[in-house]
There are 4 protein chains.
Amino acid sequence: MKKVPRALRLVGCLCCTALVAGPRVAPADEMVIFDHKAELPPDGREFNHACPGYRPADGQGGRGISGGGAVVEGELRPSSDTPTHLALYRAFEAIGGVAHTHSLYATAWAQAQRDIPPLGTTHADHFAGAIPCTRPLKAGEIAAEYEANTGKVIVERLAGCNPLHFPAALVACHRPFAWGLSPEHAVENAAAVERIARLASETIRVEPYPRAIHPALLKKHFLRKHGPNSYYGQDGQTKS
Amino acid sequence: MKKVPRALRLVGCLCCTALVAGPRVAPADEMVIFDHKAELPPDGREFNHACPGYRPADGQGGRGISGGGAVVEGELRPSSDTPTHLALYRAFEAIGGVAHTHSLYATAWAQAQRDIPPLGTTHADHFAGAIPCTRPLKAGEIAAEYEANTGKVIVERLAGCNPLHFPAALVACHRPFAWGLSPEHAVENAAAVERIARLASETIRVEPYPRAIHPALLKKHFLRKHGPNSYYGQDGQTKS
Amino acid sequence: MKKVPRALRLVGCLCCTALVAGPRVAPADEMVIFDHKAELPPDGREFNHACPGYRPADGQGGRGISGGGAVVEGELRPSSDTPTHLALYRAFEAIGGVAHTHSLYATAWAQAQRDIPPLGTTHADHFAGAIPCTRPLKAGEIAAEYEANTGKVIVERLAGCNPLHFPAALVACHRPFAWGLSPEHAVENAAAVERIARLASETIRVEPYPRAIHPALLKKHFLRKHGPNSYYGQDGQTKS
Amino acid sequence: MKKVPRALRLVGCLCCTALVAGPRVAPADEMVIFDHKAELPPDGREFNHACPGYRPADGQGGRGISGGGAVVEGELRPSSDTPTHLALYRAFEAIGGVAHTHSLYATAWAQAQRDIPPLGTTHADHFAGAIPCTRPLKAGEIAAEYEANTGKVIVERLAGCNPLHFPAALVACHRPFAWGLSPEHAVENAAAVERIARLASETIRVEPYPRAIHPALLKKHFLRKHGPNSYYGQDGQTKS
């Protein structure tokens, strides 16, 4: 990851984890993730510290965390959001990275407690349908294991969906979470959610009740980039 | 082209083609276009790689493509959007460049599936009327020859219009395409569409049902810059 | 003028004129204005070429223009908007500079054809009441002497107002014009209009029918900065 | 304070005061505050002159002001807003810094004369409930002691609230004021208000009547950062 995705430049802060050893190769309590938080430069300069592969070379601020939540590498306390990430790694077998941000437009949709409907091809290039918003947490879910329950409602909402076809969700009244095959993909998907959220906000300003994209066009664009017969981009180069 | 037009600085990516040999001087299957894609710097620095005349001196990333879609120069696969551009070159005899972007506000109007009405002189400086939005593609048009059909619905929508008086269109649920006498003009028109779309969005926020500009004022401004008796700017210098 | 006013940084282009000799000291046809157009740097760097006092030291792009519209100094054609500026200098005896821009939010209010109501103290710091919007020009006024008539409808709208208490107006379907004692004040007022327009747009998004500011508070803030007993800022330093 | 908080970068100007000796240790008329005003760089560069602890090393532009309003250090006239700050220091015993800005979105909510409702966890990370908006001042309050009365309506509105749990307020038709244990906290809270105001504006664009955050979630997030059992961030490090 050489440059901050453009849509995230104003986000300010990015939390990203990478799976080092995970449920696919070990029981859940042997899972280890690597956690990194970065302040993003707003001006497009390169940054090297978020999701630098799996471990930052200089070890700055990174932590290894076991599936049980214990720090197994590094000296800092784990992020309070670690249990949310762990819940996603446990539930979504294919993923290798999770990222969350406070990005403006995606957070606004989360606060509005609304799915982002698929309104155009920019959306369809990244998601196979609406970007789902979870239900609000209940009082009991807030009182105990709040962060783990945040992961739980995401997993609940994604039930029956391929998490690589729906690589992000909005947590009601909270913010977006994104994931992907690698931490780099997770960050790119976090940027895509922000871009798509902003586009949707600007679209409903022009037309409050827009017609959704034709299902065939949604499928066409998604598969053009993500399907087995994808033909977008250069050979050996996958977009997002 | 020395500087990124201001309205495009946040666009991120610009796809632009130039006609090298075209329908005006050769049968359609002898047409050759030159294709270039550039990441735009967000801070106003100069950039040299999009639409650098007809061929970039260093050949970076450019491709020559025949009217049949085959690559005749360069090693990269042609952009998946090439058939859209080819359809425009075939239909609009006067044009020498085509550009498309994912610019935010113009894409929002495309997603809203609405023409951008002429609300003021900024609009009238560039377009002789509303910026047209195409109809959505039908299932069959999406299933086969999707990109060529994207060009087809633009051409269909422009029927009866001078493409130099309406140098851009919005493709429903997709994004804007712009064109012009040269690739430089195409890029300038892509910037104008974004600027005009943003102004229109801000206008309808203030007044949801604004009165359109007086037809005489629309014509006055358009012809002041584009007509045979244009008197705007310095001698020998044409604005957009 | 050392720095671009913040609100104008994204404007792109600023046209500004300075009165060299004017109606206060000479018959109208002996009035001379100095005209300068500048591309504004978007990043806050200083710029030296717009309104550099009265004549740019290096003479770049500047023109002296008589009250009759003839160029009396410099080699470039006068701006097509010169007759609008001349009309304002003729009507508003106290002013020494005029500036116009295409700034986004003020232009949106002009396109919406609405006065900007005084909603808060930021507005009241610069204007003694609503920022007026002119009526649209009639067909005959567009057909002949269009630019001079643009000035005429501004003057008509300001009838009975002190132009230093209402140092800007929106021309319906066109854009804002601002003026002031000097060209520097004109540019500052152009920036104030943009700032106030944006604030008003964001206010009506939150509350579509906001209550206007209390007339006593409007007067208090305006006179705190502009009245004979102003007490804002340091001695000998006038704000805007 | 090493860097401008991101949300304030476009604010332009920040006024901040620090309590040097105050009501907690001396009668009100022996209170001394230190006043500093800074133009904020828009590009994220560090700045050293606003709230530099208590006194800028180079003394640039700073003033010491007694509780009676007299300048006891420095040569410049006190800011016209000083009486507002003094009123807050007198009423809120725990605070050590006050900051006010003209930040865009918070000012828009002030002009709309509406409290900012708690719509999500970003809000809850900083405020224990809605960000309160004062009533408009009455004619008599504007005519005499206007700036002191501005402080009075803030104090009136905060009645019964812990000012450290509600560290900012909007003054109707005017702008936001923020405070905190130190001037650094006051500036961070001014930035939080702007960020939260913008998020709320974007949320109501998507959903005009959003459901407020669950009271348990509001409390959870506020106490996670601010309560005696806070567990957010590293040991010995307090967030905002």
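The values are calculated or read from the model by the stated rules, or taken from the named source; none is laboratory data. Since we're looking at a predicted model, the values are computed, not measured. Methodologically, a virtual Cβ is constructed for each residue, glycine included, from the backbone with ideal geometry; neighbour enumeration extends over all protein chains shown. Note: accessible area is taken over every heavy atom of the protein model, side chains too, but ligands, DNA and RNA are not part of it. Shrake-Rupley method; radii C 1.70, N 1.55, O 1.52, S 1.80 Å.
Things worth noting here:
- Backbone HN-Hα couplings from phi across the range A:168-178 [Karplus 6.51/-1.76/1.60, Hz, Gly and Pro as x]: 6, 8, 9, 9, 3, 6, 10, 5, x, 10, 10
- In Å², nearest 10: area of B:L223 left accessible to a 1.4 Å probe: 70 Å²
- Summed over both chains, the area buried between D and C is near 3000 Å², taken from the accessible surface of protein heavy atoms with a 1.4 Å probe.
- Ascending list, in nanometres, of distances separating the A:P228 label from those of the other copies (7 Å, Cα toward Cβ): 6.2, 6.3, 8.8
- Karplus-derived 3J(HN,Hα), 6.51/-1.76/1.60, for each residue of the range D:152-160, Hz, glycine and proline x: 4, 6, 5, 4, 4, 5, 7, 3, x
- Shielding score for D:213-220, defined as the mean number of other chain Cβ atoms within 10 Å: 5
- For D:A172, residues with placed amide H under 5 Å, excluding near neighbours: D:T134
- Protein-only accessible surface at a 1.4 angstrom probe places the residues B:K220, A:K219 in the order A:K219, B:K220, largest first.
- Long-range Cα-Cα pairs in the range A:89-240 (distance over 26 Å), rounded percent: 23 percent
- For peptide C:124-135, the mean count of partner chain Cβ atoms within 10 Å of a residue's Cβ comes to 0.
- Residue mean of other protein chain beta carbons inside 10 Å, D:114-121: 4
- Position D:P132, label points 7 Å along Cα→Cβ, spacing to each other copy in nm (shortest first, one decimal): 4.2, 4.2, 5.9
- Residues whose placed amide H lies under 5 Å from that of B:I131, excluding near-sequence neighbours: B:I116
- Net charge in the neighbourhood of A:A87 (other residues with Cβ under 9 Å of its Cβ; Lys, Arg +1, Asp, Glu -1) is +1.
- Other-copy label distances relative to A:P215, 7 angstrom Cα-Cβ extension, nm: 4.4, 4.4, 6.3
- Distance from the alpha carbon centroid of the range A:106-155 to that of the range D:206-223 works out to 15 angstrom.
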